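The block underneath contains the structure these notes are about, expressed in structure tokens.
The values are calculated or read from the model by the stated rules, or taken from the named source; none is laboratory data. Since the model is a prediction, treat every value here as computed from it, not as a measurement. For neighbour counting, all protein chains shown are included, and Cβ atoms are generated from backbone atoms with ideal geometry for every residue, glycine included. Surface accessibility is based on the protein's heavy atoms, side chains included, excluding ligands, DNA and RNA. Shrake-Rupley method; radii C 1.70, N 1.55, O 1.52, S 1.80 Å.
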Amino acid sequence: MTNNRLKGFTYGAVAAASYGMNPLFALPLYGAGMSVDSVLFYRYFFAVVMLGILMKVKKQSFALKKADILPLAVMGLLFSFSSFFLFESYNYMDAGIASTILFVYPVLVAIIMAVFFHEKVSFITMFSIALAFTGISLLYEGGDGKTLSMLGVLFVILSSLTYAIYIVGVNRSSLKELPTAKLTFYALLFGISIYVVRLDFCTALQPVPSPVLWANVLSLALFPTIISLVLMTLSIHLIGSTPAAILGALEPVTALFFGVVVFGEQLTPRIMLGVLMILTAVTLIIAAKPLQQLVRRRIG
């Protein structure tokens, strides 16, 4: 393995693990009485500032074509709603389980592409979809024997769906040509408008309750947002999108780890089986095309 490939796998693993830290920083803020809207406003605001500084240092352009503004606004709102639904779900279910169900978004992308863009559905894709939803059904009963909140599950599925639509929208529009940092900067910038409105133009914005919790606020903007974005982009550049996407399986694993170790969430054999089925399904979806190409080359 070359040095660059090793770097690429390391960047991808750290990027995915960083994204899985969302509950680690968000849940203490909830515990201190902060609302989802206030937490996400701070996350988006500081992420925009950090990303803007990073782009300035790297001398990247902020210029936009007029034709890109409306699609960017729509994509930014989708991106933001995905965050809102995920963070709202933490109020109704274990964050580790929520993060695992969220991870089905590549499966939803495959379904959207098949239904709306008539992309051919392979056997691997159909098997993966069935496997993913079987895995979710195993998670439906929580570790304490109680069934998961229907509202919580609905919020996570909506989070996954809005993120899947965001991915398809970006890849099927002129935004595909935008540099990742610029795309994310404007998605966050337009996305923050949701929280500005929901917080009555910031008049209802809650102050961060203590100096210690400012570390959580800034970490939420830095680790699951900026570091995750930058390192995943570097990883894709070094090892390609498929291996980098497969490393994304570390997102729910990290969230589960912190959920169990830090917040005392339950992890039963049935939940572990459900998580494994979802991770396998997503990995198969991501790797389906490269696998088929490899088989064809071997047969040919």
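Residues checked against (1) at pLDDT below 90; (2) surrounded by 17 or more Cβ atoms within 10 Å (Cβ to Cβ):
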residue: Ser219; (1), (2): no, yes
residue: Ile226; (1), (2): no, yes
residue: Ala245; (1), (2): yes, yes
residue: Gly248; (1), (2): yes, yes
residue: Leu294; (1), (2): yes, no
residue: Arg297; (1), (2): yes, no
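Here is a list of conditions, (1) under 30 Å from Phe9 (Cβ atoms); (2) free of Cβ contacts under 8 Å to residues at least 12 places away in the same chain, and Ala187 meets all of them except one; can you say which number that is?
(2)
What number of residues in region 205-222 are hydrophobic (A, V, I, L, M, F, W, C), without any contact (Cβ under 8 Å) to a residue 12 or more places away in the chain and over 19 Å from Pro23 (Cα atoms)?
0
Just checking, which of Val115, Val109 is without any contact (Cβ under 8 Å) to a residue 40 or more places away in the chain, more than 30 Å from Ser35 (Cβ to Cβ) and either in a helix (DSSP H, G or I) or aromatic (Phe, Trp, Tyr) (or both)?
Val115
Looking at region 143-151, can you tell me whether even one residue there is out of contact with any His (no Cβ under 9 Å at 6 or more places or on another chain), open to solvent by 70 Å² or more (accessible area, probe 1.4 Å), outside any helix (DSSP H, G or I) and among the charged types (D, E, K, R)?
yes
As an exercise: evaluate Arg198 against (1) closer than 24 Å to Tyr90 by Cβ; (2) surrounded by fewer than 16 Cβ atoms within 10 Å (Cβ to Cβ); (3) among the charged types (D, E, K, R) and give the number of the one condition it does not meet.
Just one mismatch for Arg198, condition (2).
Determine, yes or no, whether Val121 is open to solvent by 40 Å² or more (accessible area, probe 1.4 Å), out of contact with any Cys (no Cβ under 9 Å at 6 or more places or on another chain) and either over 30 Å from Leu189 (Cβ atoms) or not in a loop (DSSP other than H, G, I, E, B) (or both).
It is true that Val121 is open to solvent by 40 Å² or more (accessible area, probe 1.4 Å), out of contact with any Cys (no Cβ under 9 Å at 6 or more places or on another chain) and either over 30 Å from Leu189 (Cβ atoms) or not in a loop (DSSP other than H, G, I, E, B) (or both).
Mind checking which residues of region 19-38 are assigned to a helix (DSSP H, G or I) and closer than 11 Å to Leu199 by Cβ?
Of everything in region 19-38, those that are assigned to a helix (DSSP H, G or I) and closer than 11 Å to Leu199 by Cβ turn out to be Val36, Asp37, Ser38.
Which residues, taken from region 63-90, are assigned to a loop (DSSP other than H, G, I, E, B) and at pLDDT below 95?
Listed by number, the residues that qualify are Ala63, Leu64, Lys65.
Kindly indicate whether Pro71 is open to solvent by less than 10 Å² (accessible area, probe 1.4 Å), touching a Gly at 6+ places or on another chain (Cβ under 8 Å) and in contact (Cβ under 8 Å) with a residue 40 or more places away in the chain.
no
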